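None of the figures in this text is laboratory data; all of them are computed from the coordinates on show. None of these values were measured; they are calculated from a predicted model. Heads up, the Cβs are rebuilt from the backbone with ideal geometry, glycines too, and the neighbour counts pull from every protein chain shown.
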């Protein structure tokens with residue numbers, strides 16, 4: 001009597017040819033348990049719920065009696081079946097989510113009972129559709145044709161690497177220029193090495209920043225054509241010049257004399273590298289009304305480091321850090337007249353050291369980006385490449401905006 005009343009209560013349609021085994025399989029799949037779990041004696045919350053829902057659907061969709069259903073659920077008695085049916089029926093009256101789940105399972109089972117073709121058609125119409133893929137954001141276009149402290153290219157192993165460029169290739173205006181360049185380069189190198197050795201041997205009482213800047217300078221100084229970086233070496237000499245200007249009244253005469261020679265040799269060497277002249281002109285001609293995005297540039301360098309060595313050779317990140325390290329000290333106040341040895345005058349057209357460094361940072365980032373975006377047309381793992389590109393693009397945008405304002409504001 002009780003079973004008949006319950007069946008009448010929950011059944012609202014004509015009986016279909018639904019198999020209890022199909023009910024068990026579908027419910028198990030829906031709740032991410034196994035059919036064996038449903039038939040077992042396990043009583044975890046997930047298994048108990050799955051078992052009760054399956055019993056409820058068996059009573060609703062089949063003509064089997066409660067004892068028959070109980071036997072098909074691991075030999076359970078009919079009281080267990082009736083209890084499960086009452087419980088699920090009561091919950092569906094207050095729990096909208098469970099009611100929707102039951103309805104989805106019921107409709108699925110009904111369609112399965114009509115054969116595969118009917119079931120497939122129903123699935124196609126009612127299962128949730130995958131969201132349409134959102135097209136990836138457009139990557140910012142780099143600014144072409146800008147001189148940068150480092151040049152880049154793709155290697156045969158599909159990584160970005162530093163390559164020879166204008167920053168380490170001399171320009172010979174006259175027939176004798178090659179020999180003149182060799183001599184100027186040798187004078188700059190030997191003078192710097194000897195002064196650094198004297199500092200390390202304790203010959204002069206000078207602050208350690210001089211030795212540090214000289215060490216960086218010699219590391220960046222072009223060794224031969226195609227090796228080294230004249231722009232970054234020149235930045236280190238500008239740092240030495242600023243320190244010299246601030247300390248001129250206190251430096252030992254011997255040290256000041258030799259330091260002045262090192263700086264003068266570099267200024268003479270610059271004449272063989274037209275990229276220095278072009279860089280100075282670009283800094284002087286640009287507009288500086290827009291703040292330099294220093295934080296974005298440093299974060300861009302950090303993302304490059306994160307994707308080394310997957311997409312970048314280690315020398316790329318190292319080179320970017322060399323550019324960053326070349327930040328000049330604050331400009332010292334104009335010194336009072338003194339009889340001490342003073343640094344050489346800056347060559348005509350030499351730009352503000354801080355602005356020069358800012359442009360170096362920005363153009364270095366732009367050059368890396370200009371090379372990296374070429375990867376979208378290369379036979380590389382595009383999903384992985386795009387993930388790296390998205391990470392870089394977030395920080396390159398303000399840098400490109402800064403450079404664009406510089407170019408548009410040239411006088």
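Cα centroid separation, the stretch 196-217 to the stretch 26-53: 77 Å. Temperature 20 °C, viscosity 1.002 mPa s: under these conditions the Stokes-Einstein estimate for the stretch 151-408, based on its Kirkwood radius over C-alpha pairs, is 109 µm² per second. Here the scattering of the stretch 32-77 is modelled by Debye summation over its C-alpha atoms, one equal scatterer each and no solvent; at q = 0.20, 0.28, 0.32 Å⁻¹ the log10 of I(q)/I(0) is -0.59, -1.05, -1.22. Residues within the reach of a label modelled at residue 25 (point 7 angstrom out along Cα to beta-carbon, backbone nitrogen below 20 Å), restricted to the stretch 48-80, are 50-64, 69-75. On full extension, the segment bounded by residue 253 and residue 48 gains 64.7 nm, given 0.36 nm per residue less the C-alpha separation. Size of the stretch 267-407: Rg and Dmax of its alpha carbons, in Å, are 18.2, 66.
Taken over the Cα atoms of the stretch 345-410, the convex hull encloses 107 Å³ per residue.
If you count, for each residue, the other Cβ atoms within 10 Å and average over each peptide, how do 90-97, 348-355 line up from highest to lowest?
On the way: 90-97: 11.8, 348-355: 15.2.
The packing order, highest mean first, is 348-355, 90-97.
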